[in-house]
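Taking it in order: structure first as structure tokens, then the write-up.
The values are calculated or read from the model by the stated rules, or taken from the named source; none is laboratory data. Just so we're clear, the structure is a prediction, and the values are computed from it rather than from any experiment. Cβ placement follows ideal geometry from the backbone for every residue including glycine, while neighbour counts extend to all protein chains displayed. All accessible areas refer to the heavy atoms of the entire protein, side chains included, with ligands and DNA or RNA removed. Shrake-Rupley method; radii C 1.70, N 1.55, O 1.52, S 1.80 Å.
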Amino acid sequence: MRRLADQILPTNDWPANAVPSDLIPPGRKRLGWAVMTAATLGLLATILVQILYKSEVDTIGFDTWRPVVYAYVLWGVALGIGQVLTRGEDGQRALFLLPALLFTIAMVIFPTLFGFYIALTDWNLSSFSGRRFNGLDNFWQMLGDPYYRNALFNMVLYVLAVLVEYVIAFGLALLLNAQIRARKFFRVVFLMPLMLSPVAVSWMIGKSLMEYRFGPAATLARHLGWDNPAFFSDPIIARISIMILDAWTFIPFMMIMLLAGLQAMSREVLEAARVDGATTWQTFWQVTFPLMLPVSVTAVILRIIFKLKLADIIITVTSGGPGGATDSVSSFIYREYRDRSNVGYGTMLAMAYLVIIVVFVTWLLKLANRFVRNVN
């Protein structure tokens, strides 16, 4: 087979504004496109046949999804060959990105699409009937589920609590940035909660310190006049207790980001404000806080993303109680899987929550960028 250099025009005969892919013979390009098209159609046909077979719509199919994996591997090989045939050296360079693309499709995109398929089925692991396609029944059940709506409402409260956490973290960052004694010691002490697992925090504080019979926090509350210091029996108090446990764990995360921003600030700006006669409050509000906005927005957004995944503390301490009052969406979905073995409905809840998170975070990022631009 002749090399690609023998098939293209000599350098002196290249047309103006030509790119390397324009110099590949048309027959070679057509072959490359044919290979990629045939492999793509074969993969899609294999997936469609398997979906119809598993949904009991058709009797032709495979007992396992292994043929789909084989078709996917062949599609990846054909995609690489097609890139080289149609783009030449650019296609060879693209081969270095192909494994990452195939891995992303296999580990992110395909499981997400498969999750949407599972969400459209009636699949309970405790049932002998197995998986059965039921269309949008799970979706309509989700819309009428008061416990899921309560979990969404709790998530709104938990996310709003991030603003209070931000104020506390900013105050701690300012304190640790000041010239105080044993500053390094206090930095380590304040970072200790972040070093602990949320499950460990749940047992150490939620299950031990706040235990309503013999816990030190409950004993102190009785001495202060609280007759029945049950931190997790009343819905409102239970929500506040969960917020406190989660905040105690993750406030150091925001604090360390804000402290890094404060230490990176120019000292000349602060000294100029003092020379101009600005008070401590004026220096903070008109100089420090505006300069810290980019770091603050980043810290708050990252904390909100972590908050949207809140589940481990709730599952360990309250299991969503009392009566689902402290449930987050993640903990409610977990209990739907674990306690009720309802895979189809639980997956529908997870897919709906995924869409909500994507829309909310996208809107939040746009709002944050606009806010920072307007301030600056």
- Task: Pop a pseudo-label 7 angstrom from the Cα along the beta-carbon direction at both residue 136 and residue 233 and give the gap in nm to one decimal.
- Result: 4.5
- So how tilted is helix 293-308 from the main axis of the chain? Cα-based, degrees 0 to 90, rounded to 10. 80
- Item | Accessible area (Å², 1.4 Å probe, nearest 10) - residue 234 | 60
- Using unit Cβ charges (K, R positive; D, E negative) and no other charged atoms, how large, in debye to the nearest 20, is the dipole of the chain about its Cα centre? 620
- Provide the gained length on full extension for the span residue 101 to residue 60, in nm with one decimal, where the gain is 0.36 nm per separating residue minus the Cα-Cα distance. 11.7 nm
- Query: To the nearest 10 degrees, how steep is helix 183-195 against the longest Cα principal axis of the chain, on a 0 to 90 scale?
  - Reply: 60
- Message: Can you give the FRET efficiency to the nearest 0.05 for residue 373 and residue 168, using r as the Cβ-Cβ distance and R₀ = 25 Å?
- Response: 0.35
- Which residue, chosen from 280, 298, 266, occupies the Cα position most advanced towards the positive end of the dipole of segment 261-376, where the dipole is computed from +1 (Lys, Arg) and -1 (Asp, Glu) charges on Cβ about the Cα centre? 298
- What accessible area, in Å² to the nearest ten, does a 1.4 Å probe give for residue 240? 90
- Item | Most positive-pole-ward Cα, 105, 217, 117, against dipole of the chain from beta carbon charges | 217
- Task: For segment 170-214, state which trypsin sites (Lys or Arg not before Pro) are in a DSSP loop and have at most 11 other beta carbons lying within 10 Å of their beta carbon.
- Result: 181, 213
- Item | Square roots of five times the Cα gyration tensor eigenvalues for the chain, Å | 51, 37, 16
- residue 29 accessible area, 1.4 Å probe, all protein chains in place, Å² to nearest 10: 60
- Item | Accessible area, probe 1.4 Å, largest first, for residues 331, 197 | 197, 331
- Message: If the only charges are +1 at each Lys and Arg Cβ and -1 at each Asp and Glu Cβ, what is the size of the charge dipole of segment 133-201 around the Cα centre, to the nearest 20 debye?
- Response: 660
- Item | Relative contact order computed over segment 222-376 (Cα-Cα under 8 Å; 6+ residues apart), in percent | 24
- Percent accessible area from carbon and sulfur atoms, the chain, protein chains only, probe 1.4 Å: 68
- Query: Pairing the Cα long axis of helix 329-338 with the longest principal axis of the chain, what angle in degrees results, from 0 to 90 and rounded to the nearest 10?
  - Reply: 70
